[in-house]
């Protein structure tokens, strides 16, 4: 990991409304941020004297781990500097932080603050000890860990599904939120915590629902393997889209291989739209979860997400 000195630069914060912010944000005036709207940013609340270790870098952001002013570990997600000059990228990044803040719960890390950091925008959130589910799957496929018991996989996904259902039902009038749909849950967005539960740590693809339906994304998702056919086709989405993602992840936890095998985005598109990705593996057949996976993937008509999670716990 790379180690770098923190160079946080924040304006003097103003007190915020603790009723709206369970993490007691401190707000700073950011009307000059160039978004063309009346905006506020909160101070990141990081310890400027501490070093920060880079966790990962992707096309649009970098994640760092550091310490808060109280000594607590936290993660800072920073918008990549070349994107800071693009208003739409700043707005999308702010939306991600806002939805993370509003989604906070038992299995969603809380956001501490949002502000300027190293010449760009960033938000800080709770650190979750453990490893990403993507790493767990990769280590299993390399034979480095034992096969996961189907009942444990079912419990993980049932608990995660209850969290997703909570987000679908979330109503925050002051923020015009009438439900949040995740638009493709990826193993890289999930973290297996020390408490043995899956944490939802990434809402980059999430969006607000309107009357139970979310608009299609302006651009295709970066990873097609976990999105439903209607999303691949650019149609509006509802709760069924997230249930589909849960079904794919459950299938992969049981089968120890990727469900979508296409190497290129075009290959993945053909598999998903043509309904050729799903197959019955020996491990799935032995698990007794085939019916549940097929329900999640939409092979048995419309299914209630919460009802599906409850039945999954009973299998």
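The values are calculated or read from the model by the stated rules, or taken from the named source; none is laboratory data. It should be emphasised that the depicted structure is a prediction, and the values quoted were computed from it without experimental measurement. Cβ sites come from the backbone with ideal geometry, for glycine too, and all protein chains shown count toward neighbours.
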Handout entry: Candidate set: the range 279-296, residues that are surrounded by 19 or more Cβ atoms within 10 Å (Cβ to Cβ) and free of Cβ contacts under 8 Å to residues at least 60 places away in the same chain; chosen: the one farthest from residue 227 (Cα to Cα)
Key = 284
Exercise for the section: Kindly provide the set of residues from the range 273-302 that are part of a helix (DSSP H, G or I), within 26 Å of residue 238 (Cα to Cα) and either more than 24 Å from the chain's Cα centre (by Cα) or modelled with pLDDT under 90 (or both), ordered by number. Expected result: 273, 290, 291
Problem - Single match in 246, 312, 253 (criterion: farther than 22 Å from residue 138 by Cα, touching a residue at least 60 places away in the same chain (Cβ under 8 Å), touching a helix residue (DSSP H, G or I) at 6+ places or on another chain (Cβ under 7 Å) and part of a helix (DSSP H, G or I)) - result: 312
Practice task
Return only the number of the condition from (1) in contact with a strand residue (DSSP E or B) (Cβ under 8 Å, 6 or more places away or on another chain); (2) surrounded by fewer than 15 Cβ atoms within 10 Å (Cβ to Cβ) that residue 264 does not satisfy.
Solution key: (1)
Exercise for the section: Quick one: count up the residues across the range 56-82 that are more than 18 Å from residue 113 (Cβ to Cβ), in contact with a strand residue (DSSP E or B) (Cβ under 8 Å, 6 or more places away or on another chain) and not in a loop (DSSP other than H, G, I, E, B). Expected result: 3
Exercise for the section: Give me a count of the residues in the range 110-150 that are without any contact (Cβ under 8 Å) to a residue 60 or more places away in the chain and assigned to a helix (DSSP H, G or I). Expected result: 5
Exercise for the section: Might you let me know whether the range 200-214 holds any residue that is part of a loop (DSSP other than H, G, I, E, B), modelled with pLDDT under 95 and loosely packed, with under 14 Cβ neighbours inside 10 Å? Expected result: yes
Exercise for the section: Identify, by number, the condition in (1) under 20 Å from residue 200 (Cβ atoms); (2) surrounded by 15 or more Cβ atoms within 10 Å (Cβ to Cβ) that residue 310 doesn't meet. Expected result: (2)
Practice task
Give me a count of the residues in the range 67-103 that are at pLDDT below 90 and surrounded by 15 or more Cβ atoms within 10 Å (Cβ to Cβ).
Solution key: 3
Handout entry: Filtered residues of the range 173-191 (kept if touching a residue at least 60 places away in the same chain (Cβ under 8 Å) and either surrounded by fewer than 17 Cβ atoms within 10 Å (Cβ to Cβ) or out of contact with any helix residue (DSSP H, G or I) (no Cβ under 9 Å at 6 or more places or on another chain) (or both))
Key = 174, 175
Handout entry: Residues satisfying the stated conditions in the range 45-54, i.e. surrounded by fewer than 16 Cβ atoms within 10 Å (Cβ to Cβ) and in a strand (DSSP E or B)
Key = 51, 53, 54
Exercise for the section: All but one of (1) modelled with pLDDT of 90 or more; (2) exposed (fewer than 14 other Cβ atoms within 10 Å of the Cβ) hold for residue 64, so report the exception by its number. Expected result: (2)
Exercise for the section: Tell me which residues, restricted to the range 156-198, are in a loop (DSSP other than H, G, I, E, B) and within 24 Å of residue 131 (Cα to Cα). Expected result: 182, 183, 184, 185, 186, 194, 195, 196, 197
Handout entry: Members of the range 232-243 that are buried (at least 21 other Cβ atoms within 10 Å of the Cβ) and assigned to a helix (DSSP H, G or I)
Key = 239, 241, 242, 243
